[in-house]
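Student: Quick one: structure below, then a few questions.
No value in this document is a laboratory result; all are computed from the given coordinates. None of these values were measured; they are calculated from a predicted model. Cβ: placed from backbone, ideal geometry, glycine included. Neighbour counts: every protein chain shown.
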2 protein chains.
Amino acid sequence: MKISDLARRSGFSTDTLRYYEKIGLVPRAARDAGGRRVYDASTLTWLAFLDRLRATGMPMRDRLTYARLRAKGDHTGPERRQLLEAHRDEVRARVAQLQDCLTVLDTKIDSYPKGKANDPAPTDRPTDTP
Amino acid sequence: MKISDLARRSGFSTDTLRYYEKIGLVPRAARDAGGRRVYDASTLTWLAFLDRLRATGMPMRDRLTYARLRAKGDHTGPERRQLLEAHRDEVRARVAQLQDCLTVLDTKIDSYPKGKANDPAPTDRPTDTP
DNA sequence: CCTTGACCTGGAGCGCGCTCCAACTCCTAC
DNA sequence: GTAGGAGTTGGAGCGCGCTCCAGGTCAAGG
């Protein structure tokens with residue numbers, strides 16, 4: 001698989017893929033005779049998981065830590081587990097926070113008239129309640 | 001209330017508060033005789049709500065749009081409502097995505113041995129499953 | 001052959017959302 | 001009256017995570 005294929009299948013741009021390799025998030029890819037990167041399917045699996053970490057807001061430095069542990073070998077399993085457990089806790093907290101915010105949003109939305117956007121103006125001063 | 005009080009009570013730094021005023025996210029504060037900003041409690045309410053919008057990932061440009069509508073007056077209620085409804089949908093989608101990611105995380109975590117981080121190494125090659 | 005286009009590298013640039021700075025003014029306490 | 005601390009302004013700088021660019025190499029199609 002060449003980089004353009006991996007890009008298409010992973011959803012990351014080729015620039016991002018090269019960037020990820022440069023910073024060590026993805027192991028250095030094998031090269032063909034002409035120096036071009038060659039990937040196998042396992043990279044795709046790894047990228048998909050990285051994307052989950054990213055989607056859940058894990059900062060780059062932690063993804064990098066995780067990637068380095070992974071590169072070190074199977075014996076880093078427990079450390080990686082700890083990292084993921086800590087991250088899971090944060091994601092759970094984030095979900096709880098978002099759900100909390102959702103009730104605030106719902107309340108706020110209910111406080112506004114439902115009509116279409118170009119209704120007659122009742123007053124013309126800034127609202128005091130946000 | 002002076003800016004340092006508002007900062008303490010809102011959780012935003014004084015720099016951020018001035019920045020928010022500069023870009024129009026917060027209406028220009030009244031000034032005392034010496035040119036210092038003076039706030040009333042309503043600003044705090046507004047900031048708390050802004051913080052919810054921020055916490056739920058609403059981008060600055062949308063918060064700005066919302067702030068401008070608010071500044072325009074009560075008759076923008078329906079528009080604001082639309083904005084918030086759209087945002088709420090995004091937050092809901094985000095929560096769903098996070099919950100989805102959580103199950104992936106859980107599965108991944110279960111796949112790692114539970115022992116403490118300095119366990120004996122079973123192999124020493126990079127893991128194929130991320 | 002020669003063109004085309006995908007790929008390579010190192011490094012610069014960017015958008016976001018602040019954060020910090022210099023240089024100044026003003027109020028308060030001693 | 002003077003030192004210190006909190007406030008003011010405009011503008012520069014920063015960390016993150018890419019994104020883009022110049023200038024080159026290489027392989028395949030016509």
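Student: Hey, what do the phi angles of segment A:76-83 turn into as Karplus ³J(HN,Hα) couplings, whole Hz, using 6.51/-1.76/1.60 and θ = phi - 60°, x for Gly and Pro?
Tutor: Those phi angles translate into 8, x, x, 5, 5, 4, 4, 4 Hz.
Student: Here's something else I'd like to know. Between A:L64 and B:M60, what FRET efficiency follows from the Cβ-Cβ distance if R0 is 30 Å, with the result rounded to 0.05? Could the numbers behind the result be given before it?
Tutor: On the way: r = 27 Å, r/R0 = 0.91.
The value I calculate is 0.65.
Student: Over all residues in B:80-93, what is the mean tally of Cβ atoms on other chains that come within 10 Å of each residue's Cβ? Walk me through the numbers before you get to the answer.
Tutor: On the way: counts 8, 9, 5, 3, 6, 5, 0, 3, 6, 0, 0, 5, 4, 0.
That works out to 4 on average.
Student: What are the ³J(HN,Hα) values, in whole Hz, obtained from phi via the Karplus relation 6.51 cos²θ - 1.76 cosθ + 1.60 with θ = phi - 60°, for each residue of segment B:53-69 in sequence order, with x given for Gly and Pro?
Tutor: 4, 5, 4, 8, x, 5, x, 3, 4, 6, 4, 5, 4, 4, 4, 5, 4
Student: Moving on. So, with +1 on the Cβ of K and R and -1 on the Cβ of D and E, and no other charges, what is the size of the charge dipole of segment B:3-110 about its Cα centre, to the nearest 20 debye? All intermediate terms of the calculation are to be shown ahead of the outcome.
Tutor: Details: 21 positive and 15 negative charges, 109 e Å.
So the dipole magnitude of segment B:3-110 works out to roughly 520 debye.
Student: To confirm my reading of the symmetry, which residue of chain B has the Cβ nearest the axis that brings B onto A, and what whole-Å distance does it have?
Tutor: Of all Cβ atoms in chain B, the one nearest the axis gives B:V95, 3.
Student: Write down the Kirkwood hydrodynamic radius of the protein assembly as shown, to one decimal in angstroms, obtained as one divided by the mean of 1/r over all alpha carbon pairs.
Tutor: On the way: mean 1/r = 0.0456 Å⁻¹.
The Cα-based Kirkwood calculation yields 21.9 Å.
Student: How high is the FRET efficiency from A:R28 to A:D110, r the C-beta distance, R0 51 Å, rounded to 0.05? The partial results should precede the final answer.
Tutor: On the way: r = 55 Å, r/R0 = 1.07.
Between A:R28 and A:D110 the formula returns 0.40.
Student: In segment B:7-53, which trypsin sites (Lys or Arg not before Pro) are in a loop and have at most 15 other Cβ atoms within 10 Å, using DSSP for the loop call? Walk me through the intermediate numbers first.
Tutor: On the way: sites: B:R8, B:R9, B:R18, B:K22, B:R28, B:R31, B:R36, B:R37, B:R52; in loops: B:R28, B:R36.
Answer in residue order: B:R28, B:R36.
Student: Based on the mean of other Cβ atoms within 10 Å per residue, sort peptides A:73-84, B:100-111 so the most packed one is first.
Tutor: Numbers: A:73-84: 19.3, B:100-111: 14.7.
The most tightly packed comes first, giving A:73-84, B:100-111.
Student: Give a residue-ordered list of calculated ³J(HN,Hα) values for segment A:99-108 (Karplus: 6.51 cos²θ - 1.76 cosθ + 1.60, θ = phi - 60°; whole Hz; x for Gly, Pro).
Tutor: Ordered by residue, 3J(HN,Hα) equals 5, 4, 4, 4, 5, 4, 4, 4, 4, 4 Hz.
Student: Here is a follow-up. Structure shown: which of B:K2/B:K72; A:K2/A:K22; A:K72/B:K114 lie over 22 Å apart, alpha-carbon to alpha-carbon?
Tutor: Numbers: B:K2/B:K72 25 Å; A:K2/A:K22 17 Å; A:K72/B:K114 18 Å.
Checking Cα-Cα distances, B:K2/B:K72 exceed 22 Å.
Student: Here's another thing I want to ask about it. Give me the extension gain from B:K2 to B:E85: residue separation times 0.36 nm, minus the current Cα-Cα distance, reported in nm with one decimal.
Tutor: On the way: separation 83, 0.36 × 83 = 29.88 nm, distance 3.39 nm.
Length gained, B:K2 through B:E85: 26.5 nm.
Student: For segment B:3-110, what size does the Cα cloud have along each of its three principal axes, sorted from largest down, in whole Å?
Tutor: 63, 34, 20
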